[in-house]
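K.L.:
Encoded as structure tokens, here's the structure I'll be asking about.
The values are calculated or read from the model by the stated rules, or taken from the named source; none is laboratory data. Everything quoted here is computed from the prediction, not taken from an experiment. Because the Cβ atoms are built from the backbone with ideal geometry, glycine has one as well, and the counts that use them run over all protein chains shown. When the accessible area is computed, the model is the full protein with side chains, heavy atoms only, and any ligands, DNA or RNA have been set aside. Shrake-Rupley method; radii C 1.70, N 1.55, O 1.52, S 1.80 Å.
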Amino acid sequence: MMKYLPILFLLLLLAAPFTFERRGEQPDPDARRLVIVTPHNEQIRDEFARAFEAWSLAKYQEPVSVVWSTPGGTSEIRKLLVSEYTAALEDGIKAGGNADLMWGGGSYEFTELSKPISATVDGVERTTRVLEPMELGDDYLASVYGDGQIAGDRLFDQDHRWFGTALSSFGIVFNRDLIRQLEVEEPKTWQDLANPAYRSWLTMVDPGMSGSVTTAFDAILQRRGWTDGWRILRRLAANARSFAGSSTKGPLDVASGEAAAAICIDFYGRYEAQRTRDAAIRAGLEGPDAIGRIGYVSPPGETVIDPDPIGMLTGANDPELARRFIEFVLSVDGQALWQFPVATEELGPRQFELRRLPVRRDIYRDYFDRFVDKVNPWEIATPVEIPNRAMRSFISPLFRGLALDQPEALREAWMTITEHPGYPDDQGPLVVAADVSDPELKAMLEAFDAMPTVPGPDGEPLDLGDPAALAGIKAGWLRGGFDDAGLWHSDADPAEILRRIVRRQAGAHYAAISDGSIEAEFKGTSP
């Protein structure tokens, strides 16, 4: 299958001029074309294309046309790009040439796209990178980013392969009507969604399909700690009615009444909240009813601020135009599109309020009174006290093995636990084994929260529940350190083998919970 991905990617890009032109508009056949690969939604694409085309015509007296390609979420796009550029190396042809820019997603995905890609052909190693460096100058970057950091994290790549264009945080979007029906308080923290009252009323997203959702999960794990973080994520998965493949699905499900709550990027949540608030005001509602059906909250102190980058692709057809677009997005004209209200004035969007946080520092100083959301991320961002960089690599294989691969078994085990006569109603939304006294229920919760082990090269089990062990397990299992240890076939994907081990061990625990055959070790009788 992998060998066909570059062909699929190429076809998607070739189809872009016909599939992704803005509705109702015909491109100028004489205009220079800029092709941008992005996971961004239609509102962002429309506002920035319109504004850039007008800006370019006014500044350079030549027409340009922005063409969008949207083959999936950021993680999917990264995999397709890496596959395409690897295939080019193997075939001995020039890499790239299908698009000019990659825009949108998290800093992690762009950092991965900045790393070298190698292929050995006829004994000769060839190397390239997906993202090409672009020198913008230190003085210019300082005028945009200040010291270039927020809460200790960089806002642009030190080698200038990507540049942050906006700032994202993560939170909970919720449906007030459904919250009242479930008889729970409006959520304020991640663990609020672990309440059994939400069972079958959450939409979750596969982190393997969305870089932004992976970042949200990583924020939970970094802020709450590895142990409590996975307790929360597993309960959220057990409460889920569905698992989506895109970060946009959760807010849409909440807005349509298909789900009571979902984890989402801040601007998706704010957009849905604003849309329903506007509808309530137009309907003449007053008081509490005027706030709208949809709410959004970023859990205080439990999220992260991450830049939304842009970078030029190696082999770009029009590097000059790509550079101009980056400069426009980072200009005051471009940054005003993120947070200004819709207006016919010189600055700001014309049709959609995008509700995103600008990355440019001086716009907070000079135009903060015009912001739709009076949020200054530099005033609320705090660094993670003890960051563990190895955590992120395990999110997708663990979440898939623990939840996505066996949702029914997970839900049945969770229902067995929450309907147990000893399950407390007054213990808060996150109930763990230490909170209960009933031996059977305690054993069930210990089994439900148990983290899997994987074999090491000496046969000793390596504990995925120990955050201090993650760096070593990552180096061995996910970065090739154990390739010669005989733990898997040479043609196998070790990440997939790890996922299967997780699924098997977790599945055994879920089955034991559901059928009442909890092993002695979980009844507290083991030595």
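K.L.:
Two-decimal Rg/Rh of the chain from alpha-carbon positions, Kirkwood Rh? Let's see the in-between values first.
P.N.:
Values: Rg = 24.4 Å, Rh = 24.8 Å.
Reported Rg/Rh, Kirkwood definition of Rh: 0.98.
K.L.:
Could you list the residues of the range 391-421 with an amide nitrogen less than 12 Å from a label point located 7 Å from the Cα of Ala450 in the Cα-to-C-beta direction?
P.N.:
Label zone hits: none.
K.L.:
Something else: Binning at 5 Å from 0, report for the range 67-124 what percent of all alpha-carbon pair distances ends up in each bin.
P.N.:
Spelled out per bin, shortest first, that is 4, 16, 28, 25, 15, 8, 4, 1.
K.L.:
Can you list the HN-Hα couplings for the range 127-132, worked out from phi with the Karplus curve (6.51, -1.76, 1.60; θ = phi - 60°), rounded to whole Hz and with x for Gly and Pro?
P.N.:
The phi angles translate into 9, 8, 9, 6, 9, 9 Hz.
K.L.:
Now a separate question. For the range 155-310, what is the relative contact order in percent, using Cα pairs closer than 8 Å and at least 6 residues apart in sequence?
P.N.:
Values: 293 pairs, mean separation 62.7, N = 156.
Computed value for the range 155-310: 40 percent relative contact order.
K.L.:
Just the Kirkwood number for the range 465-518, please: inverse of mean 1/r across all distinct Cα pairs, in Å, one decimal.
P.N.:
Values: mean 1/r = 0.0784 Å⁻¹.
One decimal place: 12.8 Å for the Kirkwood radius.
K.L.:
For Ser168, which sequence-distant residues (separation of 5 or more, or a different chain) have an amide H within less than 5 Å of its own amide H, given hydrogens modelled in the peptide plane?
P.N.:
Residues meeting the amide H criterion: Asp306, Asp308.
K.L.:
Taking θ = phi - 60°, what integer Hz values does the Karplus form 6.51 cos²θ - 1.76 cosθ + 1.60 yield along the range 140-157, in sequence order, with x for Gly and Pro?
P.N.:
The phi angles translate into 5, 5, 5, 5, 8, 9, x, 7, x, 9, 9, 6, x, 9, 6, 9, 8, 6 Hz.
K.L.:
Which whole number in µm²/s is D for the range 33-137 by Stokes-Einstein, with the Kirkwood Rh taken over Cα pairs at 37 °C and 0.692 mPa s? Could the numbers behind the result be given before it?
P.N.:
Working: Rh = 15.4 Å.
Once the numbers are plugged in, D ends up at 213 µm²/s.
K.L.:
Along the charge dipole of the chain, Cβ charges K/R +1 and D/E -1, which of Leu441, Ala255, Ser210 sits furthest on the positive end?
P.N.:
Ala255
K.L.:
Mind checking the log10 I(q)/I(0) for the range 98-221 at q = 0.09, 0.17, 0.20, 0.22 Å⁻¹? Debye, one equal scatterer per Cα, no solvent, two decimals.
P.N.:
-0.44, -0.99, -1.17, -1.31
K.L.:
Now for a different question. How high is the FRET efficiency from Ala485 to Ser118, r the C-beta distance, R0 25 Å, rounded to 0.05? Walk me through the numbers on the way to the answer.
P.N.:
Values: r = 23 Å, r/R0 = 0.92.
Plugging the Cβ-Cβ distance into 1/(1 + (r/R0)^6) gives 0.65.
K.L.:
Accessible area of Arg503, 1.4 Å probe, to the nearest 10 Å²?
P.N.:
80
K.L.:
Farthest toward the dipole's positive end in the range 305-390, which of Pro319, Pro387, Tyr367, given Cβ charges of +1 (Lys, Arg) and -1 (Asp, Glu) about the Cα centre?
P.N.:
So the residue we want is Pro387.
K.L.:
More than 17 angstrom separation, counting every C-alpha pair in the range 111-157; what % is that? If you can, show how the numbers build up before the last one.
P.N.:
Values: 585 of 1081 pairs.
Counting every Cα pair in the range 111-157, those more than 17 Å apart make up 54 percent.
K.L.:
Need one number: convex hull volume per residue for the range 303-424, Cα atoms only, in Å³. Walk me through the numbers before you get to the answer.
P.N.:
Details: hull volume 31.3 nm³, N = 122.
Hull volume normalised by residue count: 257 Å³.
K.L.:
Throw me the Rg/Rh for the range 356-492, computed over C-alpha atoms with Kirkwood Rh, two decimals.
P.N.:
On the way: Rg = 22.1 Å, Rh = 19.6 Å.
We get a ratio of 1.13 for the range 356-492.
K.L.:
Here's a follow-up. Whose amide H sits under 5 Å from the amide H of Ile117, counting only residues 5 or more places off or on another chain, with H placed in the peptide plane?
P.N.:
So Ile117 has HN proximity to Thr128, Arg129.
K.L.:
Could you check how many percent of all C-alpha pairs in the range 139-288 are farther apart than 28 Å? Could you put the intermediate results ahead of the total?
P.N.:
On the way: 3344 of 11175 pairs.
That fraction is 30 percent.
K.L.:
Using a simple spin-label model with points 7 Å from Cα along the Cα→Cβ vector, what separation in nm is obtained for Arg282 and Gln149?
P.N.:
4.6
K.L.:
Let me ask something additional. Can you tell me the FRET efficiency between Ala343 and Ile93 if r is taken as the Cβ-Cβ distance and R0 is 51 Å, rounded to the nearest 0.05?
P.N.:
Details: r = 48 Å, r/R0 = 0.94.
For Ala343 and Ile93, the calculated efficiency is 0.60.
K.L.:
Given Cα pairs under 8 Å that are at least 6 residues apart, what percent is the relative contact order of the range 422-525? Numbers along the way, then the final one.
P.N.:
Working: 95 pairs, mean separation 29.4, N = 104.
Value for the range 422-525: 28 percent.
K.L.:
Return the Rg/Rh ratio of the range 411-475 with Cα-based radii and a Kirkwood Rh.
P.N.:
On the way: Rg = 15.5 Å, Rh = 13.8 Å.
Over the Cα atoms of the range 411-475, Rg/Rh equals 1.13.
K.L.:
Next question. How would you order 178-189, 61-72 from highest to lowest mean count of nearby Cβ atoms within 10 Å? Write out the running numbers ahead of the final one.
P.N.:
On the way: 178-189: 15.1, 61-72: 18.6.
Packing order, densest peptide first, comes out as 61-72, 178-189.
K.L.:
So, one more: Take every DSSP beta bridge whose two residues both sit in the range 161-309, then give the antiparallel share in percent to the nearest 5. Please report the intermediate quantities before stating the final value.
P.N.:
Details: 13 of 19 bridges.
In the range 161-309, DSSP labels about 70 percent of beta bridges as antiparallel.
K.L.:
For the peptides 325-337, 468-480, what is the packing order when you average, over each peptide's residues, the other Cβ atoms within 10 Å and list the highest mean first? Don't skip to the answer; put the middle values down first.
P.N.:
On the way: 325-337: 20.8, 468-480: 16.6.
Peptide ranking by packing, descending: 325-337, 468-480.
K.L.:
I'd like to know which of His40, Pro452, Ala279 lies farthest towards the positive end of the charge dipole of the chain, counting +1 on Cβ of Lys and Arg and -1 on Cβ of Asp and Glu.
P.N.:
Working it through, the farthest residue towards the positive pole turns out to be Ala279.
K.L.:
Let me ask you something else. Rank-order 358-371, 157-170 by packing density, defined as the average count of other C-beta atoms within 10 Å over each peptide's residues, highest first.
P.N.:
Values: 358-371: 16.7, 157-170: 21.6.
Peptide ranking by packing, descending: 157-170, 358-371.
K.L.:
Roughly how many debye, to the nearest 20, is the charge dipole of the range 365-425 about its Cα centre, given +1 on each Lys and Arg Cβ, -1 on each Asp and Glu Cβ, and no other charges?
P.N.:
Working: 7 positive and 10 negative charges, 74 e Å.
Its charge dipole is roughly 360 debye.
K.L.:
HN-Hα J couplings of the range 203-212 from phi, Karplus 6.51/-1.76/1.60, θ = phi - 60°, integer Hz, Gly and Pro as x?
P.N.:
9, 10, 10, 5, x, x, 9, 9, x, 5
K.L.:
If I take every Cα pair under 8 Å that is 6 or more residues apart in the chain, average their sequence separation and divide by the length, what percent do I get for the relative contact order?
P.N.:
Working: 941 pairs, mean separation 82.1, N = 527.
Averaging sequence separation for qualifying contacts and normalising by length gives 16 percent for the chain.
K.L.:
What FRET efficiency, computed as 1/(1 + (r/R0)^6) with R0 = 45 Å and r the Cβ-Cβ distance, is obtained for Leu136 and Glu408, rounded to the nearest 0.05? It would help to have the intermediate numbers written out before the result.
P.N.:
Numbers: r = 52 Å, r/R0 = 1.15.
My answer for the efficiency is 0.30.
K.L.:
Note the full-extension length gain between Asp366 and Val384 as 0.36 nm times their separation in residues minus their Cα-Cα distance, in nm to one decimal.
P.N.:
Values: separation 18, 0.36 × 18 = 6.48 nm, distance 2.94 nm.
Value of the extension gain: 3.5 nm.
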